[in-house]
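First the structure, in the form of structure tokens, and then the observations on it.
What follows draws every value from the coordinates through simple rules; no lab data is involved. Computed from a prediction, not measured in an experiment: that's the story for all the values here. Heads up, the Cβs are rebuilt from the backbone with ideal geometry, glycines too, and the neighbour counts pull from every protein chain shown.
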Amino acid sequence: MSIVLANSAHSKRRPSCSNEQDPSSKDSCHLNLKSTKLAATAADEASAAKNAQKCAGERAGQRAMERLADKAEQAARAAEAALNGKKLLLEQLEQSQCEADAVIEESKMARKNAQAEDLSNVEFETSEDVEVIPTFNAMNLKEELLRGIYAYGFEKPSAIQQRSIKPIVKGRDVIAQAQSGTGKTATFSISILQSLDTTLRETQVLCLSPTRELAVQIQKVILALGDMMNVQCHVCIGGTNLGEDIRKLDYGQHIVSGTPGRVFDMIKRRVLRTRAIKMLVLDEADEMLNKGFKEQIYDVYRYLPPATQVVLISATLPHEILEMTSKFMTDPIRILVKRDELTLEGIKQFFVAVEREEWKFDTLCDLYDTLTITQAVIFCNTKRKVDWLTEKMREANFTVSSMHGDMPQKERDEIMKEFRAGQSRVLITTDVWARGIDVQQVSLVINYDLPNNRELYIHRIGRSGRFGRKGVAINFVKSDDIRILRDIEQYYSTQIDEMPMNVADLI
């Protein structure tokens with residue numbers, strides 16, 4: 001019984017292909033085994049194929065990614081190259097533009113220098129129709145005007161007067177330049193008085209100046225020269241009574257001398273009527289046409305009749321100023337002197353070397369006895385320096401007066417009156433005094449500070465030696481000012497020597 005059960009159990013564990021079985025069953029068993037092996041092999045091959053396919057796919061994907069990465073890198077390199085090329089192109093364009101700008105600027109500078117050279121070489125004979133008239137009698141002036149001229153002290157016309165008076169009287173636009181102290185104010189004053197119709201009580205001539213003091217001086221010269229002509233001339237300047245201006249202008253004035261701001265104000269108020277104006281005179285034209293006054297001049301000019309004659313008079317006329325005049329002058333006659341002729345004959349120029357700024361004061365104190373031989377003007381570059389130096393001199397018991405543009409007009413008038421009368425002998429001032437103020441007795445000018453530009457130098461030192469008298473100019477020069485001094489020497493073709501010990505003998 002136990003044997004049967006064991007066989008039975010064994011038969012369950014494994015199929016039997018014993019000989020006892022049926023032959024057909026045996027074949028079937030072999031087929032089954034073979035099929036099982038084939039199936040297993042096929043499964044293995046399928047799995048291997050799948051794995052191979054997977055690996056192939058991964059490799060293909062990796063190669064594709066590598067190709068994409070290569071292409072991306074190539075594209076990046078191409079983009080970088082293009083960017084660098086663009087930068088290079090932009091740099092080249094910028095360089096080309098800079099070179100082009102440099103060429104244009106060089107061309108402009110060359111043109112400008114050529115114009116400057118042309119203008120600096122202009123002499124009296126520039127305009128062909130300029131005639132030299134040697135005497136006042138030969139100018140065919142009114143009898144009463146001639147008497148006024150001789151009474152004023154003139155005997156013979158200066159070079160600028162010999163050439164300028166006739167064309168101005170003829171009605172031509174004129175640009176006239178000559179040294180300070182050679183009678184420029186008298187040049188246009190005589191021309192105005194000759195052209196004036198005194199029977200017509202309306203404003204016929206307008207004279208504009210950069211400073212109030214200069215406007216007042218022009219009025220005085222006109223009234224003195226026209227003393228026998230019954231001429232009316234009013235000063236129209238800021239800092240004075242507005243009601244007085246209105247009253248005088250309503251009364252009727254042949255000539256108005258003033259500063260641009262107040263004159264324009266009177267025109268706008270319709271108090272100063274412009275319908276009869278036939279001549280506009282700009283004194284110190286370089287200053288008048290500079291940035292500060294240019295717009296005001298144009299404001300006034302717009303109200304004048306179209307045919308108004310324009311006369312410009314100045315000691316210096318840089319070429320930039322001459323270019324601007326084309327806007328409001330018609331075929332002007334130019335009466336100009338060469339730049340190297342602007343150095344003032346009869347004025348000896350010296351310098352004193354000072355190592356430090358504070359040493360200038362000690363030098364000035366040492367010179368004080370020399371200053372008071374006649375009368376002296378001391379120029380500083382700022383109003384603050386004028387106030388400081390005046391106080392310092394007075395503390396040291398030196399008698400001085402001072403004046404600058406911030407002072408009330410009444411005070412400035414009083415100081416000028418005292419100085420003209422000789423009551424004060426030393427005047428400390430800014431460049432407000434440098435242009436055209438004529439005090440006969442001034443024979444010494446001291447530049448406590450060298451002027452800020454070359455043109456101002458000639459205006460300053462022209463305060464001494466007026467109308468051919470002798471004068472002395474002394475420049476206080478620190479070591480860093482030497483270059484400016486040499487530039488002034490070269491510009492005016494002059495020589496400024498060190499001050500000698502016997503300077504008092506030269507004044």
| said: Please compute the modelled spin-label separation between residue 200 and residue 372, points set 7 Å along Cα→Cβ, answer in nm with one decimal. | reply: 5.4 nm
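Given Cβ point charges of +1 (Lys, Arg) and -1 (Asp, Glu) and nothing else, what value in debye, to the nearest 20, does the dipole of the stretch 347-506 about its Cα centre take? Numbers along the way, then the final one.
Working: 23 positive and 25 negative charges, 114 e Å.
So the magnitude is around 540 debye.
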| query | Rounded if a/c is under 1.5, else prolate if a/b is larger than b/c, else oblate: which is the stretch 127-337, with a ≥ b ≥ c the root eigenvalues of its Cα gyration tensor? | reply | oblate
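Run the dipole for the stretch 127-337 about the Cα centre, Lys and Arg Cβ at +1, Asp and Glu Cβ at -1, nothing else charged, and hand back the magnitude in debye, nearest 20.
On the way: 25 positive and 24 negative charges, 102 e Å.
So the dipole magnitude of the stretch 127-337 works out to roughly 480 debye.
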| So, in Å, what gap is there between the alpha-carbon centers of the stretch 342-407 and the stretch 183-200? | 37 Å
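If we count other beta carbons within 10 Å of each Cβ, what is the order of 220, 156, fewest first? Could the numbers behind the result be given before it?
Values: 220 16, 156 9.
Starting with the residue having the fewest Cβ neighbours, the order is 156, 220.
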